[in-house]
1. Hey, what number do you get for the chain at 222 nm if only DSSP H runs of n ≥ 4 count, each worth -39500 (n - 2.57), divided across all residues, to the nearest 500?
2. Going out from 0 in 5 Å bins, what whole percent of all Cα-Cα distances in region 697-825 drops into each bin?
3. What whole number of Å gives the distance from the Cα centroid of region 368-434 to the Cα centroid of region 243-318?
4. Say a paramagnetic label sat at a point 7 Å from the Cα of residue 303, along Cα to Cβ; which residues of region 57-96 have their backbone N under 17 Å from it?
5. Evaluate E = 1/(1 + (r/R0)^6) for residue 634 and residue 23, where r is the Cβ-Cβ distance and R0 equals 60 Å; express this FRET efficiency to the nearest 0.05.
6. Stretched out fully, how many nm does the piece from residue 758 to residue 268 gain, at 0.36 nm a residue minus the Cα gap?
7. Below 8 Å, C-alpha to C-alpha, sequence gap of six or more: please give me the relative contact order for region 774-825 in percent.
8. State, as an integer percentage, the relative contact order of the chain based on alpha-carbon contacts under 8 Å between residues 6 or more apart.
Amino acid sequence: MKKSISTILLVLVLSTGLYSKVEPVHTQTSADLQIALQKLNVLASVLYLAAHPDDENTGLLAYLSKDRKYRSAYLSLTRGDGGQNLIGPEKGSEIGLIRTHELLEARQIDGAEQYFTRAVDFGYSKTAEETFKFWGREKILADVVWVIRKFKPDVIITRFTPDGYSGHGHHTASALLAMDAFKAAGDASRFPEQLKYVDTWQPKRMFWNSWRPNQQQAQNLLGIDIGVFNPLLGKSYTEIAAESRSMHKSQGFGAAGRRGESFEYFDLLAGEPAATDIMENIDTSWDRIPGGKKIGAMLKEINAAFDPRQPDKSLPALINLYAEMNSLPQSDWTSLKIKELKSVIQGCAGLWMEAIAQDYDAAPGSPLSLQTTLVNRCDFPFTLENISIPAVSYKKPLFVALKNNHIESQTLSVQFPKDFPLSQPYWLREPAEFGSFVVTDQQEIGLAENPPALTVSVTLKANGQELVYSLPVLYRWTDRAIGELYRPLEIRPPVTVNFDTQVLMFSDGAKTIPVKLKSSADNQSGILRISGPENWKVTPAEVHFTLVNKHDEKTILFEITSPTDADEATLTAIAEIDGQNYSNSLVEISYPHIDELVLFPESTVKVVNLDIQKTGERIGYIMGSGDEIPEALTQLGYSIEVLSNGALENGSLAEYDAIITGVRAWNTEERLKYIQPKLMQYVQDGGTLVVQYNVNRGLQTEEIGPYPLTISRDRVSDETAAITLLDPNHPLLNNPNKITQKDFENWVQERGLYFCSEWDDRYQAVLSSHDPGEPERNGGLLYTRYGKGVFIYTGYSWFRQLPAGVPGAYRLFVNLLSAGASHEK
């Protein structure tokens with residue numbers, strides 16, 4: 001199942017040069033090297049902590065990393081898997097994976113590191129108490145403590161306050177967890193099971209990164225100007241911040257660079273006070289490491305002598321520094337600085353190193369050919385001692401001198417063991433528990449992503465010192481429009497099996513469903529079957545298949561017959577090969593601004609036999625930010641036409657029984673403000689227009705309906721919240737399907753969002769609901785007659801319910817589409 005960005009966004013991303021940044025271990029510019037050399041002599045660390053992708057302060061992170069030269073990181077409690085998606089249809093774990101990699105691309109720009117907890121993002125939450133009920137406070141606190149003990153920050157900075165002022169329950173929860181973790185990380189009695197791998201750690205202090213205080217408030221806060229200009233980079237840190245923040249494309253967070261002074265303010269939450277600087281009274285030099293004073297002195301001399309026109313002149317001193325660092329007692333700081341130093345040595349030598357596979361994927365038990373290439377682009381003498389592949393116990397001694405600008409290539413053959421792990425994101429290997437991902441390996445908790453599927457170790461010798469570099473195995477190809485591109489090597493199941501939909505709705509007894517087989521290795525033969533409850537009949541019972549070549553595909557058709565009564569079930573596609581069952585589907589996600597992504601969820605389809613009636617056949621759909629409702633309605637027998645601007649401007653709308661605007665269409669589609677009069681005329685002439693939720697900020701026009709209405713931020717985040725039928729006799733609740741309380745059972749993630757707060761008296765509110773402790777929210781489904789037709793605004797989250805196969809949501813949504821026919825009655 002291939003998912004790709006829209007053509008418009010593709011052109012936008014390519015025109016700005018923001019595409020995937022997977023590449024070999026790269027060399028650095030002289031400016032980068034000068035900054036890296038300076039950073040080698042700074043031993044200080046800052047951890048920024050918040051709830052979601054996009055909550056981080058990219059300007060502050062860029063400043064701390066590139067100006068102060070601190071080791072900096074962002075800990076996001078969630079991966080954003082409960083949020084919306086402005087660039088495509090992905091939801092749930094897929095949008096979480098996209099946002100994970102958007103954060104990683106952002107960190108490539110601002111220079112910080114990235115960490116996560118196991119918390120699942122479940123959308124909007126109004127209180128920290130609700131959030132902790134879902135996540136489990138102690139479980140996620142353990143993850144925050146773990147990251148603190150691993151990262152060992154001198155200073156922690158939170159984006160939000162623990163007092164509930166932050167608005168979103170996840171935000172407040174993140175600050176409360178930070179407060180708890182600040183104390184718990186240094187307490188050996190808290191989470192002692194972690195101490196098998198890490199020591200306790202007590203940060204010096206913790207701040208809240210205050211939001212734009214007024215002049216009087218700012219006098220009582222610690223302030224730092226992060227808008228300073230870096231001549232080596234040719235940018236201010238606020239300009240870098242805009243580039244970093246603009247990587248959050250799935251959330252529409254493109255940002256403009258700011259120039260000039262820009263102050264950030266800090267309010268002490270815990271730890272020792274600081275009057276002038278966040279690192280006040282913290283030793284940030286090598287003096288904090290036993291025996292480190294000599295290292296600091298050597299680095300001072302190296303930095304003073306560095307020649308950006310001939311960086312290789314620094315190599316003899318850098319190799320001596322490497323030897324001196326390795327003579328120190330092992331510690332987290334020495335390990336980190338040795339790793340940074342090796343990167344600087346590589347950059348000063350202009351040393352190019354890559355490991356390129358012949359294909360972008362391989363299966364466990366199969367062979368793979370790859371080629372390593374090294375080019376030393378200076379006269380300093382390096383010797384290639386050996387090349388090894390630790391994961392498959394391969395080692396090749398070489399002892400080859402690397403001459404200036406001479407290409408040294410080696411072809412290697414790998415045979416993967418049959419139990420070699422798949423490239424499944426580690427947090428998705430097991431089904432998530434309520435509120436959190438299941439991660440059984442303590443050492444994986446907190447990581448942003450899996451390590452590379454396969455790495456090649458290259459051992460060099462220089463002036464008697466061994467330097468070992470780890471190269472990720474990549475696949476390289478040339479795009480005719482873009483040029484050279486890379487993607488990570490993927491380990492895939494020998495065969496994947498994909499249904500063409502995740503939900504299959506029945507209202508008439510039987511449907512044919514295709515199942516696509518795809519091989520990741522040659523000569524795959526076996527039996528394909530669909531497993532499920534006996535009352536769901538599958539024909540044929542099994543089918544034999546053969547896939548001769550790697551990447552061959554074959555589609556096999558099965559007929560599914562539903563039971564006579566309303567029912568729901570889950571069916572699983574299983575390919576049996578040599579007595580082993582494979583039931584992984586293949587999901588590929590491709591957007592130009594991030595790496596090629598792949599995951600292998602269980603190949604299942606939810607089947608639902610509906611008790612449903614419908615009227616009308618032909619539906620026009622105006623797509624907004626992207627959703628899957630057209631596909632969902634097609635399953636009920638509707639003919640769905642996604643309307644282009646040309647069709648809206650020049651075509652007749654009278655032929656449609658109803659027209660739907662997709663989620664956020666009135667935010668994202670500029671043409672709608674010009675088409676609005678034509679849509680109102682369509683309603684007046686007898687049509688039905690259904691407008692799904694829009695964000696109240698950034699509307700193309702305030703005139704969405706025939707009469708005034710005001711979209712607010714009101715929402716009902718509890719998907720189990722009680723529903724009141726304000727007028728049980730209303731046509732939307734009776735025609736053609738009688739709506740009862742049962743139709744609001746088993747909704748997912750939320751009831752709705754961006755309800756209307758005010759509306760003209762000519763609208764009728766049909767439903768009411770509210771979260772605990774809040775007033776009734778009546779603006780989630782508004783109905784009005786206009787001329788001969790019907791206009792409906794609805795903030796209820798159909799974009800989640802219909803793709804999830806919620807029966808009652810289908811029944812009510814069909815009533816919305818049938819409102820014009822009901823009106824005629």
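The values are calculated or read from the model by the stated rules, or taken from the named source; none is laboratory data. Computed from a prediction, not measured in an experiment: that's the story for all the values here. Backbone-built Cβ (ideal geometry, glycine too); neighbour counts: all protein chains shown. With ligands, DNA and RNA removed, areas are computed over all heavy atoms of the protein, side chains included. Shrake-Rupley method; radii C 1.70, N 1.55, O 1.52, S 1.80 Å.
1. Counting only the DSSP helices, I get -6500 deg cm²/dmol.
2. Taking all Cα pairs of region 697-825, the binned fractions are 2, 11, 21, 24, 21, 14, 6, 1, 0 percent.
3. Each part's Cα centre sits 32 Å from the other's.
4. 63-72
5. On the way: r = 41 Å, r/R0 = 0.68.
E(calc), rounded to 0.05, equals 0.90.
6. Details: separation 490, 0.36 × 490 = 176.40 nm, distance 4.09 nm.
Working it through step by step, the gained length comes to 172.3 nm.
7. On the way: 34 pairs, mean separation 14.3, N = 52.
Worked out over region 774-825, it gives 28 percent.
8. Working: 1891 pairs, mean separation 88.0, N = 825.
Reported as a whole number, the value is 11 percent.
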